[in-house]
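*Asks:* Have a look at the structure that comes next, please.
The values are calculated or read from the model by the stated rules, or taken from the named source; none is laboratory data. Keep in mind that what you see is a predicted model, and the values were worked out from it rather than measured. No Cβ is skipped: glycine too gets one built from the backbone with ideal geometry, and neighbour counts run over all protein chains shown. Accessible surface areas use protein heavy atoms only, side chains included; no ligands, DNA or RNA. Shrake-Rupley method; radii C 1.70, N 1.55, O 1.52, S 1.80 Å.
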Amino acid sequence: MAFSSFFSRLRSCSKPICRNLRTSNFQRPHIPSSLTEPVTCSRKGQGTIPSWAASLIPLALAVSAGSLALQSQNYPSLCLNDAPLSDPKSGKNGGKGSTDYVVKGSLRKVPPELIEELKGICQDKMTMDEDERYVHGKPQNSFHKAVNIPDVVVYPRSEEEVSKIVKSCNMHKVPIVPYGGATSIEGHTLSPYGGVCIDMTLMNRVKALHVEDMDVVVEPGIGWMELNEYLESYGLFFPLDPGPGATIGGMCATRCSGSLAVRYGTMRDNVINLKVVLADGEVMKTASRARKSAAGYDLTRLLIGSEGTLGVITEVTLRLQKLPQSSVVAMCNFPTIKDAADVAIATMHSGIQVSRVELLDEVQIRAINLANDKKLPEIPTLMFEFVGTEAYAREQTQIVQKIASEHYGSDFVFAEDPEEKKELWKIRKEALWACFAMKPKFEAMITDVCVPLSHLAELISRSKQELDASPLTCTVIAHAGDGNFHVVVLFDPTKEEQRREAERLNHFMVHTALSMEGTCTGEHGVGTGKIKYLEKELGIENLRTMKRIKDALDPNNIMNPGKLISPHICF
């Protein structure tokens, strides 16, 4: 099918989206004084840890029985209730079912002895400047905030410096929060208890490239886009593609994925081993460089997705892929979002090894049109990418075109020219910024859920009904090939009722996904934003096991406290 006329219309109307991007606004939010009061979590029935817990991780053997005992902490309760989802006023500030997005935490002054130790370690690569601390304590695109910001920001340049920093913080029992590209959106890098923010962006080297083995050893501060620029001349690439600006260390910490996960898997499938600084400053390597191993506990997978609660990642060995010989990008429109989801499912069932299947609803397409002066049909749209030999990619395109036509698909177009493909994928990659351009003074609550593929169409349909009935502007973007979909809810930050409505919609989608044996987050991670849903999804036994691991490796609870594991989880 000829693509030139469509591409000409697309390109001629385009204008740089950066003109419409929101400018960064670092004004301090007003936080009621009551939120700075610590909430005490009582610990009942404390006792010795069962002997099996010590066998979970070899390193736990070095920890004394006394350090395994739970310590009373002034941490907030983030439990979940079963409040009616249809009532936006049902959530209460704080406690169960909370719609309070400000994370509480007690603050203890950092000892001056620690400040002097950090100066000796980092020299001029540290700051206590309030503006710099505020930027590190408030992620730009995160719905979540905290009452406190880090007391100190340090910029280590080596694994040795990270080890010394962590060891000093542990000795003084001061919290640490690892920090990478600041693209996470579930409150991962908040500092509700103050402490030390460890900015890893200066550790951004490629340490070793093994072309014949198709792997690379990198420091955590390198971005995935910068890494792929480096690898391109070798005919290789790293296949995960989350948001622009994400760094490899943060991608490991949140177990991220992206649009290519449907073909290449998530972060846990693409990391061979890690080097990690543990809470006591000890440096641990999780595995060898072999592609597979049956030796010991799989500590690599334990650390991937741990969100900085078990250690600070200082080195990553990644699997690489050959750059595809040829690729085709296709796009097709549908009358309803269910029709589009059904085609995504049918495509996966057909056995085609598609590398991307992305779904955008009509509101998202409208945002793209407004932001770029495009004239795309404002109806649900699917985008595909097929890779392989030229003949294979074309064959797969024709098969999917036939599937789409059986589900009321229309305007099926595809591109093979590199510039045309780039222009098409630009639509998807700039979707979030297009939303902000549509409502430039609004903030966004961005959430994701994931379900087994067979439930995707029902999940999206039910969620879409709720979103369309809301007075807020909501867009849907889905990695439809693996059952993962995202929603961007735009709201006026000056109107509390709109923020509560955004949280209600998130609550609805998460519970709907969980009722379908899904998850509260497919790739964004837990942080503080999704912590309240874990007990319902995983069960209390699962959380208690994670808590035992956490306490064994981090008895002083200095490693990104308040994230991932709810403080109400007790032995």
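*Asks:* Quick check: is even one residue across segment 434-443 more than 24 Å from residue 373 (Cα to Cα), surrounded by 17 or more Cβ atoms within 10 Å (Cβ to Cβ) and touching a residue at least 24 places away in the same chain (Cβ under 8 Å)?
*Replies:* Within segment 434-443 (the criterion being more than 24 Å from residue 373 (Cα to Cα), surrounded by 17 or more Cβ atoms within 10 Å (Cβ to Cβ) and touching a residue at least 24 places away in the same chain (Cβ under 8 Å)), the answer is no, since none of the residues qualifies.
*Asks:* Follow-up. Looking only at segment 254-299, how many residues end up being of a type in the set (Val, Ile, Thr), open to solvent by less than 10 Å² (accessible area, probe 1.4 Å) and over 23 Å from residue 212 (Cα atoms)?
*Replies:* 2
*Asks:* Since residue 456 meets every condition but one in (1) surrounded by fewer than 21 Cβ atoms within 10 Å (Cβ to Cβ); (2) touching a helix residue (DSSP H, G or I) at 6+ places or on another chain (Cβ under 9 Å); (3) part of a helix (DSSP H, G or I), which condition does it not meet?
*Replies:* In the conditions (1) surrounded by fewer than 21 Cβ atoms within 10 Å (Cβ to Cβ); (2) touching a helix residue (DSSP H, G or I) at 6+ places or on another chain (Cβ under 9 Å); (3) part of a helix (DSSP H, G or I), residue 456 misses (1) alone.
*Asks:* For segment 199-250, how many residues are in contact (Cβ under 8 Å) with a residue 40 or more places away in the chain, more than 30 Å from residue 132 (Cα to Cα) and assigned to a loop (DSSP other than H, G, I, E, B)?
*Replies:* Result for segment 199-250: 5.
*Asks:* Would a scan of segment 135-153 turn up a residue that is surrounded by 21 or more Cβ atoms within 10 Å (Cβ to Cβ), more than 25 Å from the chain's Cα centre (by Cα) and either part of a helix (DSSP H, G or I) or assigned by the TED database to the domain that holds residue 310 (or both)?
*Replies:* Among the residues of segment 135-153, not one is surrounded by 21 or more Cβ atoms within 10 Å (Cβ to Cβ), more than 25 Å from the chain's Cα centre (by Cα) and either part of a helix (DSSP H, G or I) or assigned by the TED database to the domain that holds residue 310 (or both), which makes the answer no.
*Asks:* Hey, among the residues in segment 415-427 that are open to solvent by less than 40 Å² (accessible area, probe 1.4 Å) and part of a helix (DSSP H, G or I), which one's modelled with the lowest pLDDT?
*Replies:* In this case the residue turns out to be 427.
*Asks:* Then there is this: Identify the residue in segment 226-246 that is under 22 Å from the mean Cα position of the chain (by Cα) and open to solvent by 40 Å² or more (accessible area, probe 1.4 Å) and, among all such residues, is farthest from residue 106 (Cα to Cα).
*Replies:* Going through the qualifying residues, I end up with 226.
*Asks:* May I ask you to say which residue of 315, 282 is more than 26 Å from residue 420 (Cβ to Cβ), more than 26 Å from the chain's Cα centre (by Cα) and not aromatic (Phe, Trp, Tyr)?
*Replies:* Just one listed residue meets the conditions, 282.
*Asks:* Go through 448, 492, 482 for me and flag whichever is closer than 23 Å to residue 511 by Cα and touching a helix residue (DSSP H, G or I) at 6+ places or on another chain (Cβ under 8 Å).
*Replies:* Sole residue among the options that is closer than 23 Å to residue 511 by Cα and touching a helix residue (DSSP H, G or I) at 6+ places or on another chain (Cβ under 8 Å): 482.
*Asks:* Which of the following residues is in contact (Cβ under 8 Å) with a residue 60 or more places away in the chain and touching a strand residue (DSSP E or B) at 6+ places or on another chain (Cβ under 8 Å): 489, 476, 526?
*Replies:* Sole residue among the options that is in contact (Cβ under 8 Å) with a residue 60 or more places away in the chain and touching a strand residue (DSSP E or B) at 6+ places or on another chain (Cβ under 8 Å): 476.
*Asks:* Tally the residues that are of a type in the set (D, E, K, R) and either within 17 Å of the chain's Cα centre (by Cα) or open to solvent by less than 30 Å² (accessible area, probe 1.4 Å) (or both), restricting the search to segment 195-225.
*Replies:* Final tally of qualifying residues: 3.
*Asks:* Count, please, the residues in segment 155-194 that happen to be modelled with pLDDT under 95, surrounded by fewer than 24 Cβ atoms within 10 Å (Cβ to Cβ) and among the charged types (D, E, K, R).
*Replies:* So the count comes out to 0.
*Asks:* Quick one: how many residues across segment 303-341 are more than 30 Å from residue 454 (Cβ to Cβ), out of contact with any Ser or Thr (no Cβ under 8 Å at 6 or more places or on another chain) and not polar (S, T, N, Q)?
*Replies:* The qualifying residues number 11.
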